[in-house]
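Participant: Mind having a look at this structure? Questions to follow.
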Amino acid sequence: MSNVMEEKGSLSINSENIFPIIKKWLYSDHDIFFRELISNGCDAITKMKKLEIMGEVSLPEDNEWKVTVKVSPEESTITIIDNGIGMTAEEVKQYINQIAFSGAQAFVEKYKDKANEDCIIGHFGLGFYSAFMVAHKVTINTKSYKEDEPSVYWESEEGVDFVMSEGSRTERGTEITLYLNEDSYEFSNEYRAKEVIEKYCYFMPTPIYFENVDAPKKEEEPKAEDGEEKTEEEKKPQPLNNPNPLWTKHPNECTEEEYKQFFRDVFHDYKEPLFWIHLNMDYPFNLKGILYFPKVNMEYENLEGTIKLYSNQVFIADNIKEVIPEFLLLLKGVIDCPDLPLNVSRSALQNDGFVKKISDYITKKVADKLSGMCKVERESYEKYWDDISPFIKYGCLKDDKFCEKMKEYMLFKNLEGKYLTLEDYIKAAKEAAGEDSTETPAVEVENADGSLAGGGDDEDSGEKKQIVYYVTDERQQSQYINMFKEAGLDAVLLTHNIDQPYISKLEYENKEIRFQRIDADLTEAFKEDVAESEEDWKKLTETVTEMVKKTLGKEKLTVKVEKLKNEKVASMITLSEDSRRMQDMMKMYNMYGTDPSMFGGDGETLVLNGNHPLVKYVFEHKKSKNASVICEQLYDLAMLSHKPLAPEEMTKFIERSNEIMLLLTK
């Protein structure tokens, strides 16, 4: 047995002034020391397990691998103990005094022919020195697995000078004690310590036990809920962590309830996820994980998820955009990739090309899952579509490869609640119009003023396109929906704010189609041929138009008089598709109060039904006071079916409605 010679000295820093960098910059979050030191303990145990597997050592049958964290709020200390490989005096000199970056490389090199090479984070190295971010003094008491090697005691004040001598530890493993700085006493508080450990170490592969050494000892163990004495197993302390998270299992071994319980445990979300994707890849890189599609209340919740990134079950960070495709950050999940090229503090990624491959793989697996579900589980796919479509559409906007894989599996819900592909909708629309569905559709797209959509110098403006009608608000656009149904026309529901940029992308990539909201114009299917002479119709149109503009005081208002098949509809408002999109864009960029005409946009058009008695009354009694009241009421009713009235307009509308009802009593 060799002896440990007492030794004092200054720590040998490999790079000038590296220690202040470690303290101030390398680890920006001071609570990270828990992760580094506990991870070191887990790594020491991992190394010991490998030695046992390879027959280098034999261990007693009752050996129980564990890392123990002890806190003393009274003494302001934290002690972290593992029963792993331990260190000899020479190893302490190499890994601590010389601040080597990692002992893992030499360990793997020695045994590379006897075991699979794992990505082992160094037992000691810079990670150990994160302790000095919170402690003014750190001690190590360690004993190597080599029986003829004595234990070693190491102590350092402020991480500058050290004292090393023979230690008192009799069992294999390492014990590190941190004497906390005044501004770091919080970490010896039981609740704060547990909070940080669960944040960083919840899935570390070795059981982590916790003890508050200052807590009063329990005199009597409480009985079980049924009144019976607890079993020995129930009395045993329970680890803080889950060393065998669900993602480490093969998907075939996991039950539906396990997936749901894991979701509740990790995200504290008690709304059941819609479905999930279990990632399980060994080649060309090691990656495992579970991605959940959560149920989101679109009206009240932001589309913002959390994807936790791990490396060998060690928590790295939430939502790292380099690894997780941006659109998938809307999901909730965990991804464990031991092959991630992390820097020494694990706070940044290196090797962009490799990371991009990981990101691409995740995108592909999500697309494969969704497309497979659409093909094989169509009923479930349709059931989930309303909830998952914002995720998928966002993905199509952000990732062209994902968009290409998903283009045949994008669904649209129609007015009857049936789910169709865009191809299905166009085919049905052409059949309803009596067109040959095998031919290219030829439907002119017109603005409210009769000009072709796109107009101006647009090279596509003269092309004939298939219109895809859509609804953004079933309640607000109910009048138009009823007219569509009566005319045997169909439309799709696009009610989420992601839909507008998505349909713009579809139009850009499919020049033969054009999306148009159902209140953008009146289709010919709603109109009758004018039976009167052209001169009589012209006179009615001019008279009513002039009357309405004069009464409302809106000389620039566009007014159209049409003979609608539905005689119950007196008035409507239409807004050309281009103008409405322009207005939406201005709202998006907070350009409130800007005149749309500055950008070539048209205003709203008031459509009056020449078949309706009220419109005929205005024409026949243009000098009557009642005609003026009817003009105002027709306009407000049309606006109400288009959008909410301004407060002062609503007040006038209610007062006028009361006046009209009073006339019925006379």
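Participant: Mind telling me which of the residues G395, G417, G372 ends up being open to solvent by less than 80 Å² (accessible area, probe 1.4 Å) and assigned to a loop (DSSP other than H, G, I, E, B)?
Facilitator: Every option except G417 fails the conditions.
Participant: Inside the range 177-200, can you point out the residues that are open to solvent by 10 Å² or more (accessible area, probe 1.4 Å) and part of a strand (DSSP E or B)?
Facilitator: T177, Y179
Participant: Could you please let me know if K364 is basic (K, R), out of contact with any helix residue (DSSP H, G or I) (no Cβ under 6 Å at 6 or more places or on another chain) and at pLDDT below 90?
Facilitator: On the way: basic (K, R): yes; out of contact with any helix residue (DSSP H, G or I) (no Cβ under 6 Å at 6 or more places or on another chain): yes; at pLDDT below 90: no.
Taking the combined requirement at face value, the residue does not satisfy it.
Participant: I'd like the full set of residues that are modelled with pLDDT of 95 or more and within 11 Å of N242 (Cβ to Cβ), limited to the range 205-221.
Facilitator: P207, I208
Participant: Do the conditions hold for V445, that is, is it modelled with pLDDT under 85 and open to solvent by less than 30 Å² (accessible area, probe 1.4 Å)? Write out each step before concluding.
Facilitator: Numbers: modelled with pLDDT under 85: yes; open to solvent by less than 30 Å² (accessible area, probe 1.4 Å): yes.
Here the answer is yes, as V445 does meet what is asked.
Participant: For the structure I just gave you, tell me whether V492 is under 23 Å from L614 (Cβ atoms) and open to solvent by less than 20 Å² (accessible area, probe 1.4 Å).
Facilitator: Values: under 23 Å from L614 (Cβ atoms): no; open to solvent by less than 20 Å² (accessible area, probe 1.4 Å): yes.
In short, no.
Participant: Could you please let me know if S437 is of a type in the set (S, T, N, Q) and either open to solvent by 60 Å² or more (accessible area, probe 1.4 Å) or modelled with pLDDT of 85 or more (or both)? Steps first, please.
Facilitator: Details: of a type in the set (S, T, N, Q): yes; either open to solvent by 60 Å² or more (accessible area, probe 1.4 Å) or modelled with pLDDT of 85 or more (or both): no.
Considered against the rule, which asks whether it is of a type in the set (S, T, N, Q) and either open to solvent by 60 Å² or more (accessible area, probe 1.4 Å) or modelled with pLDDT of 85 or more (or both), S437 comes out as no.
Participant: Return the residues of the range 293-320 that are at pLDDT 75 or above and in contact with a Ser or Thr (Cβ under 9 Å, 6 or more places away or on another chain); say none if nothing qualifies.
Facilitator: Of everything in the range 293-320, those that are at pLDDT 75 or above and in contact with a Ser or Thr (Cβ under 9 Å, 6 or more places away or on another chain) turn out to be N312, Q313, V314, I316, A317, D318.
Listed here are the residues, each with its yes/no results for (1) open to solvent by less than 30 Å² (accessible area, probe 1.4 Å); (2) touching a residue at least 24 places away in the same chain (Cβ under 8 Å); (3) touching a Gly at 6+ places or on another chain (Cβ under 7 Å); (4) closer than 20 Å to T541 by Cα.
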| residue | (1), (2), (3), (4) |
| --- | --- |
| V618 | yes, yes, no, yes |
| H621 | no, no, no, yes |
| A627 | yes, yes, no, yes |
| E632 | no, yes, no, yes |
| D636 | yes, no, no, yes |
| P647 | no, no, no, no |
| S657 | yes, yes, no, no |
| L662 | no, no, no, no |
| K666 | no, no, no, no |
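Participant: Looking only at the range 270-289, count how many residues are in contact with a strand residue (DSSP E or B) (Cβ under 7 Å, 6 or more places away or on another chain) and in a loop (DSSP other than H, G, I, E, B).
Facilitator: Filtering the range 270-289 down to residues in contact with a strand residue (DSSP E or B) (Cβ under 7 Å, 6 or more places away or on another chain) leaves 273-281, 287-289.
Remaining after also requiring in a loop (DSSP other than H, G, I, E, B): 273-274.
Residues meeting the conditions: 2.
Participant: Could you check the range 510-541 and list, in sequence order, the residues that are farther than 29 Å from G488 by Cβ and surrounded by 13 or more Cβ atoms within 10 Å (Cβ to Cβ)?
Facilitator: K538, K539
Participant: Looking at the range 14-51, which of its residues are open to solvent by 60 Å² or more (accessible area, probe 1.4 Å) and at pLDDT below 90?
Facilitator: If we filter the range 14-51 for residues that are open to solvent by 60 Å² or more (accessible area, probe 1.4 Å), which is where we start, we get 14, 16-17, 20-21, 24-25, 28-30, 49.
Answer for the range 14-51, where residues must be open to solvent by 60 Å² or more (accessible area, probe 1.4 Å) and at pLDDT below 90: N14, E16, N17, P20, I21, K24, W25, S28, D29, H30.
Participant: I81: open to solvent by 20 Å² or more (accessible area, probe 1.4 Å) and at pLDDT 95 or above, yes or no? Steps first, please.
Facilitator: Values: open to solvent by 20 Å² or more (accessible area, probe 1.4 Å): yes; at pLDDT 95 or above: yes.
Against the criterion (open to solvent by 20 Å² or more (accessible area, probe 1.4 Å) and at pLDDT 95 or above), I81 qualifies.
Participant: Do you know which residues across the range 127-171 are part of a loop (DSSP other than H, G, I, E, B), touching a helix residue (DSSP H, G or I) at 6+ places or on another chain (Cβ under 9 Å) and either at pLDDT 90 or above or crowded, with 21+ Cβ neighbours inside 10 Å (or both)?
Facilitator: Taking the range 127-171 first, the residues part of a loop (DSSP other than H, G, I, E, B) are 127, 134, 144-151, 158-160, 167-171.
From what's left, touching a helix residue (DSSP H, G or I) at 6+ places or on another chain (Cβ under 9 Å): 127, 134, 144-145, 149-150, 158-160.
Matches in the range 127-171: G127, V134, S144, Y145, E149, P150, G159.
Participant: For the range 243-257, give me each residue that is surrounded by fewer than 16 Cβ atoms within 10 Å (Cβ to Cβ) and part of a loop (DSSP other than H, G, I, E, B).
Facilitator: As a first pass, look at the range 243-257 and keep what is surrounded by fewer than 16 Cβ atoms within 10 Å (Cβ to Cβ): 244, 248-253, 255-257.
Within the range 243-257, N244, K249, H250, T255 meet the criteria.
Participant: Among the helices (runs of 4 or more DSSP H) contained in the range 549-641, which hold 1 or more residues that are touching a strand residue (DSSP E or B) at 6+ places or on another chain (Cβ under 9 Å), modelled with pLDDT under 85 and of a type outside the set (S, T, Y)?
Facilitator: On the way: elements: 577-588, 613-620, 625-640.
Qualifying helices (runs of 4 or more DSSP H): 577-588.
The values are calculated or read from the model by the stated rules, or taken from the named source; none is laboratory data. In this text the structure is predicted, and so the values were computed from the model without any measurement. Every residue, glycine as well, gets a Cβ built from its backbone with ideal geometry; the counts of neighbours run over all protein chains shown. Only protein heavy atoms, including side chains, enter the accessible area calculation; ligands, DNA and RNA are left aside. Shrake-Rupley method; radii C 1.70, N 1.55, O 1.52, S 1.80 Å.
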